[in-house]
Structure formats: structure tokens, C-alpha cells
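The values are calculated or read from the model by the stated rules, or taken from the named source; none is laboratory data. Since the structure is predicted, the reported quantities are computational estimates derived from the model, not experimental observations. Neighbour counts run over all protein chains shown; Cβ positions are idealised from the backbone, glycine included. Side chains are part of the model used for accessible areas, which takes the heavy atoms of the whole protein and leaves out ligands, DNA and RNA. Shrake-Rupley method; radii C 1.70, N 1.55, O 1.52, S 1.80 Å.
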Amino acid sequence: MSAPPDHGSPHAGDPGAELIAVYDPAGNPVGAAERATVYRDGLWHASAGVLLRSWDGLRVYVHRRTDTKLVFASMHDCLAGGVVAPGEAPRETALREVAEELGVIPDPADLSPQPRARVSWDGEWNGRPMRCHLFAYELRYDGPVRHQPDEIAEGWWWTDAELLAHLADPDWPFVPDTRLLVTDLLSGAGFPADG
């Protein structure tokens, strides 16, 4: 595993104009639309993220999103992730996003082969419907982390217990779709031995 060179923001243009995959409620890709349209109209889409866990299994990487993110700005998360692009499998998205957001380029064999957790979230963001299928993978890693400055404001390593203690406060600003599956991720800390 190595860290990529810093190439600046992956969203050089207008991120709202980026094409992303559109899904049906059952979790099947059915087309594509601009990100702004998907968010405005509450279309089902998918995102994939990576739980970065230390090799000893005792800590996870938690970060705070920048205040300029299109959704969930300034909120905390334990997944480095993003939306699935048209024609992209969620696992490919996870590999791409952990490289973009945290500067970690894993050997694909090091990423959990299947999602460690999955949830469909039919929620709300900024007074509009937000509908997303979330796929969460796990990666064991102890190397350097380099934040993409347009996406990650700050980050740190916490034990599962420290993260769970913060999550016990429903007012702690944590990304809502990740909040739905984080307990499954933390209780499934057996990778890579079971992978």
C-alpha cells in the first residue's frame, strides 16, 4: 500500500454537474443523472465507503467533513467514501474514494471482498428527500493518511469504544446513513482473518 501524490481536488469543476449512478429502491443501477439533480429530486443513488482500521484491529479512523461538502457538511464520519459513478461497482468506488479522500492506495486484495455492512437510507437532508444505498468496506492500514483538503477538515484514530461513546449522543453531528450501519461495522472487526 502506498500514498498517492497530491493532485489537488478531484472535483476541479462543478461537483453538482458530475454524473452519478441512479438506482432503483431495490438497489439496482438504472441510469445516471447529474449529482445536483439526484440531490434536488431525492433520486435513489449509491455510495460506497471504507472503514480504515488499524492492523491490530483496535482503532478506526474518524474524520470531520469540510464545511463546503454538498451534503453532510461539517459532520463526522468513519467512512472515506463517495457516490457511485455510472458503470462503477461499489467496491471500485470504495477503492477510488479511500485514495481520493485519505491518500491511501490499497492493494485491492487488502480491501474486504464484500461489504462489511450495507444499508438503504430513505432520509432527508436540508429539507429534501435523500435516498441512498450505502456499501461499507473495511481496510486494515497503519501507514500515513493525507487528507484531500476540499473534503476532509481533520481526522484522528479512535478505539471502537471511543467512537461508540460519541455516537451515543444523538446530537453529535455524524453522517446519518453511516450512523445506521456503524454498529455492524464495529462489531464485524474480524477482517482480514475471516476475509
Point to revise | First in the stretch 30-48 and free of Cβ contacts under 8 Å to residues at least 40 places away in the same chain, second anywhere and small (Gly, Ala, Ser) and open to solvent by 40 Å² or more (accessible area, probe 1.4 Å), Cβ under 9 Å, 6 or more apart | key: Glu34/Ala17; Ala36/Ala17
**Study point:** Failed item, numbered, when Tyr137 is tested on (1) at pLDDT 95 or above; (2) assigned to a loop (DSSP other than H, G, I, E, B)
**Key:** (2)
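Please work out which residue is farthest from Glu97 (Cα to Cα), limiting yourself to the stretch 140-166 and to residues that are part of a strand (DSSP E or B) and out of contact with any Pro (no Cβ under 7 Å at 6 or more places or on another chain).
Thr159
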Review point. So His11 fits all but one of (1) modelled with pLDDT of 95 or more; (2) surrounded by 17 or more Cβ atoms within 10 Å (Cβ to Cβ); (3) more than 20 Å from Gln114 (Cα to Cα); what number is the exception?
Key: (1)
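Among Gly188, Gly155, which is the only one that is small (Gly, Ala, Ser), within 19 Å of Ala94 (Cβ to Cβ) and either in contact with a Gly (Cβ under 9 Å, 6 or more places away or on another chain) or modelled with pLDDT of 95 or more (or both)? Working first, answer last.
Numbers: Gly188 fails: either in contact with a Gly (Cβ under 9 Å, 6 or more places away or on another chain) or modelled with pLDDT of 95 or more (or both).
Result: Gly155 is the single residue among Gly188, Gly155 that is small (Gly, Ala, Ser), within 19 Å of Ala94 (Cβ to Cβ) and either in contact with a Gly (Cβ under 9 Å, 6 or more places away or on another chain) or modelled with pLDDT of 95 or more (or both).
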Practice item. Please go through the stretch 24-69 and pick out each residue that is among the hydrophobic types (A, V, I, L, M, F, W, C), touching a helix residue (DSSP H, G or I) at 6+ places or on another chain (Cβ under 7 Å) and assigned to a strand (DSSP E or B). Key: Ala46, Ala48, Val50, Leu51, Leu52, Val60, Val62
Practice item. Answer yes or no as to whether Trp172 is hydrophobic (A, V, I, L, M, F, W, C), in a loop (DSSP other than H, G, I, E, B) and touching a residue at least 60 places away in the same chain (Cβ under 8 Å). Key: yes
Review point. Which of the residues that make up the stretch 106-152 are open to solvent by less than 20 Å² (accessible area, probe 1.4 Å) and of a type in the set (Phe, Trp, Tyr)?
Key: Phe135, Tyr137, Tyr141
Review point. From the list Ser120, Ser112, which one is touching a strand residue (DSSP E or B) at 6+ places or on another chain (Cβ under 7 Å) and within 24 Å of Val22 (Cα to Cα)?
Key: Ser120
Point to revise | Matching residues in the stretch 153-176 - criterion: being within 16 Å of Asp67 (Cα to Cα) and either touching a Leu at 6+ places or on another chain (Cβ under 9 Å) or open to solvent by 70 Å² or more (accessible area, probe 1.4 Å) (or both) | key: Glu154, Gly155, Phe174, Val175
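Residue by residue, here is whether (1) over 18 Å from Leu164 (Cβ atoms); (2) at pLDDT 95 or above; (3) surrounded by fewer than 21 Cβ atoms within 10 Å (Cβ to Cβ) holds:
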residue: Gly31; (1), (2), (3): yes, yes, yes
residue: Ala48; (1), (2), (3): yes, yes, no
residue: Gly57; (1), (2), (3): no, no, yes
residue: Asp67; (1), (2), (3): yes, yes, yes
residue: Leu70; (1), (2), (3): yes, no, yes
residue: His76; (1), (2), (3): no, yes, no
**Study point:** Enumeration of residues in the stretch 78-96 that are open to solvent by less than 10 Å² (accessible area, probe 1.4 Å), of a type outside the set (A, V, I, L, M) and touching a Gly at 6+ places or on another chain (Cβ under 7 Å)
**Key:** Thr93
**Study point:** Where a residue in the stretch 52-74 is within 27 Å of Asp142 (Cβ to Cβ) and its partner, wherever it lies, is of a type in the set (S, T, N, Q) and not in a strand (DSSP E or B), with Cβ under 7 Å and at least six apart
**Key:** Arg64/Ser74; Arg65/Ser74
